[in-house]
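Asks: Mind looking over this structure? Questions follow.
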Amino acid sequence: QVQLVESGGGLVQAGGSLRLSCAASGITFSSHAMGWFRQAPGKEREFVAAISWRGGSTNYADSVKGRFTISRDNAKNTVYLQMTTLKPEDTAVYYCAASEYKYASNSRISYSNWGQGTQVTVSS
């Protein structure tokens, strides 16, 4: 059974920082690219960031480039999303996902396993 468990969400003021973590089990973690997506109320789930299987390549949505950093620690089966300079429009439920592939896709269809999500709220 694949399990992805996000943590680290919370309430922060605009301009602040937050670090999300996603702990994986039930998969050969280092064989899969990993991604972060987010979904705000009434909106589609959208791509945020992805990282290749060994962490050598990353991919970011334009809206978060320069502010968010995705990383992974394969020894800990964990992927992270460091978020800085947060904006109210970053408010969403953030989901961790495991890809069927090794490369950092920005497409939802590349990801077959999903965490339960963690809420990030950015106040103005």
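Asks: In the stretch 65-124, how many are of a type in the set (Asp, Glu) and in contact with a Ser or Thr (Cβ under 6 Å, 6 or more places away or on another chain)? Please lay out each step first, then the result.
Replies: Restricting attention to the stretch 65-124, the residues satisfying the condition of being of a type in the set (Asp, Glu) are 73, 89-90, 100.
Next, from what is left, pick out any that are in contact with a Ser or Thr (Cβ under 6 Å, 6 or more places away or on another chain): 100.
So the answer is 1.
Asks: I'd like to know if the stretch 69-89 contains one or more residues that are more than 20 Å from residue 112 (Cα to Cα), touching a Leu at 6+ places or on another chain (Cβ under 9 Å) and open to solvent by less than 20 Å² (accessible area, probe 1.4 Å).
Replies: Among the residues of the stretch 69-89, at least one is more than 20 Å from residue 112 (Cα to Cα), touching a Leu at 6+ places or on another chain (Cβ under 9 Å) and open to solvent by less than 20 Å² (accessible area, probe 1.4 Å), which makes the answer yes.
Asks: Just to verify a result, which residue in the stretch 11-42, among those that are within 18 Å of residue 109 (Cβ to Cβ) and either of a type outside the set (A, V, I, L, M, F, W, C) or exposed (fewer than 13 other Cβ atoms within 10 Å of the Cβ) (or both), is farthest from the chain's Cα centre (by Cα)?
Replies: The qualifying residue farthest from the chain's Cα centre (by Cα) is 32.
Asks: Quick check: is even one residue across the stretch 30-50 in contact with a Leu (Cβ under 9 Å, 6 or more places away or on another chain), under 22 Å from residue 122 (Cα atoms), at pLDDT 95 or above and polar (S, T, N, Q)?
Replies: Taking every residue of the stretch 30-50 in turn, none turns out to be in contact with a Leu (Cβ under 9 Å, 6 or more places away or on another chain), under 22 Å from residue 122 (Cα atoms), at pLDDT 95 or above and polar (S, T, N, Q).
Asks: Let me ask something additional. If I ask for residues that are within 20 Å of residue 99 (Cβ to Cβ), in a loop (DSSP other than H, G, I, E, B) and not hydroxyl-bearing (Ser, Thr, Tyr), which ones from the stretch 40-61 would you list? Outline the logic, then answer.
Replies: Residues of the stretch 40-61 within 20 Å of residue 99 (Cβ to Cβ): 44-61.
Then drop every residue that is not in a loop (DSSP other than H, G, I, E, B), which leaves 44-45, 52-57, 61.
Correct list: 44, 45, 53, 54, 55, 56, 61.
Asks: Which residues, taken from the stretch 43-59, are on the phi < 0 side of the Ramachandran plot, over 9 Å from the mean Cα position of the chain (by Cα) and surrounded by 13 or more Cβ atoms within 10 Å (Cβ to Cβ)? Walk me through it before giving the result.
Replies: Taking the stretch 43-59 as the starting set, the residues that turn out to be on the phi < 0 side of the Ramachandran plot are 43-54, 56-59.
Subsequent filtering for residues that are over 9 Å from the mean Cα position of the chain (by Cα) retains 43-46, 51-54, 56-59.
Hits for the stretch 43-59 are 45, 46, 51, 52, 53, 57, 58, 59.
The values are calculated or read from the model by the stated rules, or taken from the named source; none is laboratory data. The shown structure was predicted, so the numbers you read here are calculated from the model rather than taken from an experiment. Every residue, glycine among them, receives a Cβ derived from its backbone with ideal geometry; neighbour counts consider all protein chains shown. With ligands, DNA and RNA removed, areas are computed over all heavy atoms of the protein, side chains included. Shrake-Rupley method; radii C 1.70, N 1.55, O 1.52, S 1.80 Å.
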